[in-house]
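The values are calculated or read from the model by the stated rules, or taken from the named source; none is laboratory data. Please read all numbers here as calculations on a predicted model, not as lab measurements. Counting neighbours? That spans all protein chains shown, and the Cβs are built from the backbone with ideal geometry, glycine included. Note: accessible area is taken over every heavy atom of the protein model, side chains too, but ligands, DNA and RNA are not part of it. Shrake-Rupley method; radii C 1.70, N 1.55, O 1.52, S 1.80 Å.
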Amino acid sequence: MRGWYDIVGMDFRSRADMAGVQESEVQLDALIAREIERGIAPEKIFLAGFSQGGAIILTAALSRTAPLAGLIALSTYLPEAESAKRVDGAVQVPVFMAHGSSDPVIPQAVAVHSAQALQALGLELEWHSYPMAHQVCAEEIQALGDWLQERLGAA
């Protein structure tokens, strides 16, 4: 099955193959650059990721030096949250992060720790928790819609 990176262990402090994470970040940057070349303003671009895809966009948020409209991180975590750092010149990108309280794939405590680490690094993050597993629910979609509307209405 295609993944954004390899899982190299079960401990979330060192679970992700960071070389694979970095490779996926490069691919993500290329996709963003392509959209900008097509005439899409960076401040109109949202990135959304579920599980591993969310891990990539959360990692990328720490090194973005060009603006984006926002990041949507669902049922995910920040790889190596304990050692994560923001690069000099990283811009503020708003983050919508949601997780299931019964997620058997990524325990909610791991996601909460990731959200706290991102906030400690200065990211503007809106956190949501729902009584669900590793999935998406209607209430989450409604909250995400409201979050998006706030950003799109201001544009």
- Output the qualifying pairs, or none if there are none: Cβ atoms under 9 angstrom, residues six or more apart or on different chains, first residue in region 33-51 and in contact (Cβ under 8 Å) with a residue 24 or more places away in the chain and on the phi > 0 side of the Ramachandran plot, second residue of a type in the set (A, V, I, L, M) and in a strand (DSSP E or B). 51/74
- For region 118-127, state whether one or more residues are open to solvent by 60 Å² or more (accessible area, probe 1.4 Å), part of a loop (DSSP other than H, G, I, E, B) and closer than 23 Å to residue 42 by Cβ. yes
- Item | Hits in region 64-105 - residues which are within 26 Å of residue 136 (Cβ to Cβ) and among the basic types (Lys, Arg) | 64
- Query: Which one of these is in contact with a helix residue (DSSP H, G or I) (Cβ under 8 Å, 6 or more places away or on another chain) and within 17 Å of residue 115 (Cβ to Cβ): 69, 73?
  - Reply: 73
- Sole exception among (1) closer than 20 Å to residue 68 by Cα; (2) open to solvent by 10 Å² or more (accessible area, probe 1.4 Å); (3) among the aliphatic types (A, V, I, L, M); (4) at pLDDT 95 or above for residue 115, by number: (2)
- Query: Out of region 90-109, which residues are among the hydrophobic types (A, V, I, L, M, F, W, C), open to solvent by 30 Å² or more (accessible area, probe 1.4 Å) and farther than 22 Å from residue 152 by Cα?
  - Reply: 105, 109
- Item | Matching residues in region 25-68 - criterion: being among the β-branched types (Val, Ile, Thr) and either within 25 Å of residue 111 (Cβ to Cβ) or at pLDDT below 90 (or both) | 26, 32, 45, 56, 57, 59, 65
